[in-house]
Structures are given as structure tokens and as C-alpha cells.
1. Treating only the Cβ atoms of Lys and Arg (+1) and Asp and Glu (-1) as charged, compute the dipole magnitude of the chain about its Cα centre; round to the nearest 20 debye.
2. If each of residue 8 and residue 138 carries a label point 7 Å out from its Cα toward its Cβ, how far apart are those two points in nm?
3. With the contact rule set at Cα under 8 Å and sequence spacing of 6 or more, what percent relative contact order holds for the chain?
4. Dipole of the stretch 278-348, Cα-centred, from +1 at each Lys and Arg C-beta and -1 at each Asp and Glu C-beta, to the nearest 20 debye?
5. Calculate how many DSSP beta bridges within the stretch 53-287 are antiparallel, expressed in % of all such bridges and rounded to the nearest 5.
6. Normalised by the number of residues in the stretch 316-389, what is the relative contact order in percent for Cα pairs under 8 Å and 6+ residues apart?
7. Which of 113, 178, 84 sits farthest toward the positive end of the charge dipole of the chain, with +1 on the Cβ of Lys and Arg and -1 on the Cβ of Asp and Glu?
8. Size of the stretch 255-302 along its principal axes in angstrom, Cα-based, largest extent first?
Amino acid sequence: MTSFKNQIKKLNSLGYLRTRSVINVEKSTRVNLGNKIVTSFLSNDYLGMSKNRIIITELKKSANTHGIGSGSSPLISGYSESHHYLEKEIAEYLNVESCLVVNSGYMANLCLLNIFDQEMNVVQDRQSHNSIIESSKINKIKINRYKHLDNTHLEKHLRNGKQDIIFSESVFSMSGDATNIKEHYKLKKNYKSFLFVDDAHGFGIAKCKAKNNSIENSCSSFNIKISNIDAYMGTFGKAVGTLGAFICGNKDLIDMVVQKGRPYIYSTALPRCIIDATRKSLKILAINKTRYNKLHSNISYFNKQSLKKDMAFNFTESPIKTYLIGDPHSTLSIRDKLIKEGIMVQAIRYPTVPRKHDKLRVTLTSDHTKKDIDILLDTLENIHCEKSK
Ligand SMILES: Cc1ncc(COP(=O)(O)O)c(C=O)c1O
């Protein structure tokens, strides 16, 4: 136990101690922190769907009829008609052969690499999400990591026709950077490798022209059909506003996850009321683009204003905006000063990002106003100017 105490002390002195704040979320952009309402730039509830009254009513109705817990894993009795229909509906929205709903995005990535029992070579970006890194540590998987977004380096790890999997996030959760899925698709074809895409931060919000009754996604942004890649995963805990995730692929791949995806086989299924709420949310997102358009208007406004101020945020079309500080103590100090001014952003530090890449992360949602964005940028500019004096 004393050794834990020393480890915690050391993490604290280095500025790397992870802590939790008790936060009551009023809406995606306003939270109650210690009895003070502050403007939040923390939530992945990109379209504010977690507070949508129609979805909440659907959840209540379903819970009244079916109860709360699912009672067992999907292979026992946890796979209801609602689970079955949600999978069918997602397959239709995304025009793919097959879909499997799982409890979380982390689980989806673990399941995906559980399906191989021969030696595989997983090629992944050095800034991959932890769920991709951890999923590659199972079975006989070999990992090769390429420099962030460097497709020339990626290509060096591919061996023609061998068992390679390119496994990438479409939008990097710690930087907002985007993967060029078209380039990855070309590499997949040239080297006859597998291509897996984690679209946790693109499903429902990626900048693209979605056809009627379909859902925006990062593959469409690059004019790549999801059915042309081997596995595509999206999550419900972000743009959809509920909980859980799904994997799309051909029928054989999905059948294989049911056979071999141990986290899927051995976990209690998501409650039916969450599944019904998710179905309702997707139904709304497929036809009503008001929130989606508002989010993208906020992203464009943020990019324009931060560029005007010469503030070095990333200027991608993603709602994830990051500001490099480069040391953990300064990152925490700026974060705390922002809280005093009534604004919350996330301090991202090692080991979530490499050492000296400590940064502030700002997440935009459709509920933010232009005024929220102006106040954030002005306040951050003032704090940073004060610091550099
Ligand atoms: C890129 C990426 N993949 C997977 C996940 C895990 O998703 P979930 O929160 O549904 O477990 C996250 C979560 O933040 C993520 O950012």
C-alpha cells in the first residue's frame, strides 16, 4: 500500500495525477461544478442528443414495458427484438451487409482483434486511442506503429498479401486530426490488407453529404463506401447521445465476432431501453440535420476566430480542438484559471499524449453559442498573454 502512496505522490509532483471532478451536467454546454454553473467544452454529446425529450420519452416507455436490466449476455437471453432491429437499421443507414451492437466502443475494438487466431500484423498510428492499442495486445497480434498521419511510414510496415490490418481512428480523439481514409483504402487494395476504421468521433457528425435517411460518417467524407472496408465501428455515447457501439462488416466478419469476441460473449447486454433510445436518436439524426448544421457552423466559426487571433488550434472540420501547451503543470494551471472565469476545458497530459505534448482540449457541440466561443477564445488569449509576460 505504501508503494501505491509513493506512486500517487510522484504522479502528483510530476503533474500527471488523474483526478475526477464531481460534475452535474445541465446540458452539453453547461455544467454544475461545486454549485457554480460553468460553460463546458468537455462533452462528446456533440449534438446534444442526451437531453433530447423525444429520446428520453422513448427510453421511459421502453423501461416501463421491458424493465431496466437485460439480465444476461446476448448469447443467453440479452439479445432482444430491439437489439435485432437496431442492427438491421444501422446496416440500412450505412448500406452495409451486417452489423453487431456491442456495449461500448472500447469493447468493439477489443472484439475486433479477438476474431483472429493466426498471427496478424496490426499497423496503427502512434497516436491511436488506447482501445486500439490494448486490443492489439491479445492473441498472436504483432503491433507496428507508424508516425502520426504518416502514410509513407505506414506503407513500410505492409507486406503484400500477408496478414496485415491497418487499424485507424478516422478522427483522433486527442488532437482532432483526421485520417485520410481514401489513402488508407488505396493501401489496403495495393497490399491486400484488412482495413478497420474506428469512427467514434465521425459517426453522426463527419462533414459529408449524407443521402436522405442515412447517417454522416467519415468514410462518406472521402467518398469511400463503408461496405468496401473490412470493419467499421461507431459509438452511441458521443453524437448519438446514449451508450454503446456497433461494428459493421460483411456477414462472415460479424458472425465471427459472435463466435470469438470474448468481451461480447461474456458481458451482460445493453438494456433494451438504451437500445430503443438509440434507435429513436438515430431516426432523428437521419432526417433532421438542424443540430448537425449548427455544429458545423460552430466549428467554422471557431476555426475562423482562432485563426484571426493567431491561436494555434487545429483547423480541421472536427469539433475536437486542441491547443498545445507542452508541460503538464502549465496545462493544469491554465485549465484552473479558465475554471475561475467560468469555463471548463480538458487538460490532456502524458500518458494519454506523449511527454511534452500536454495540451488543452476544447470540444464543441451544437448547443454552444457564438458568444460561448468568443468568451472562451478571449479568456484563453488573456490568460496566455499574462503568462508569457
Ligand atoms: C477513438 C475512440 N475509440 C473508442 C472509444 C471508446 O468508446 P466508448 O466510450 O463507447 O467505450 C473512444 C472513447 O472516447 C474513442 O475516442
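The values are calculated or read from the model by the stated rules, or taken from the named source; none is laboratory data. Computed from a prediction, not measured in an experiment: that's the story for all the values here. Quick reminder, even Gly has a Cβ in these numbers, built from the backbone with ideal geometry, and neighbours come from all protein chains shown. Areas reflect the complete protein model, heavy atoms only, side chains present, ligands, DNA and RNA absent. Shrake-Rupley method; radii C 1.70, N 1.55, O 1.52, S 1.80 Å.
1. Values: 58 positive and 37 negative charges, 155 e Å.
For the chain, the charge dipole is close to 740 debye.
2. Label at residue 8, label at residue 138, 3.1 nm between them.
3. Working: 778 pairs, mean separation 87.8, N = 389.
Once divided by the residue count of the chain, the mean separation gives 23 percent.
4. On the way: 13 positive and 5 negative charges, 119 e Å.
The calculated dipole for the stretch 278-348 is roughly 560 debye.
5. Numbers: 10 of 27 bridges.
DSSP beta bridges in the stretch 53-287 are roughly 35 percent antiparallel.
6. Values: 86 pairs, mean separation 26.3, N = 74.
This gives 36 percent for the stretch 316-389.
7. Going by the charge dipole, the pick is 178.
8. In descending order, the Cα extents are 46, 23, 17 Å.
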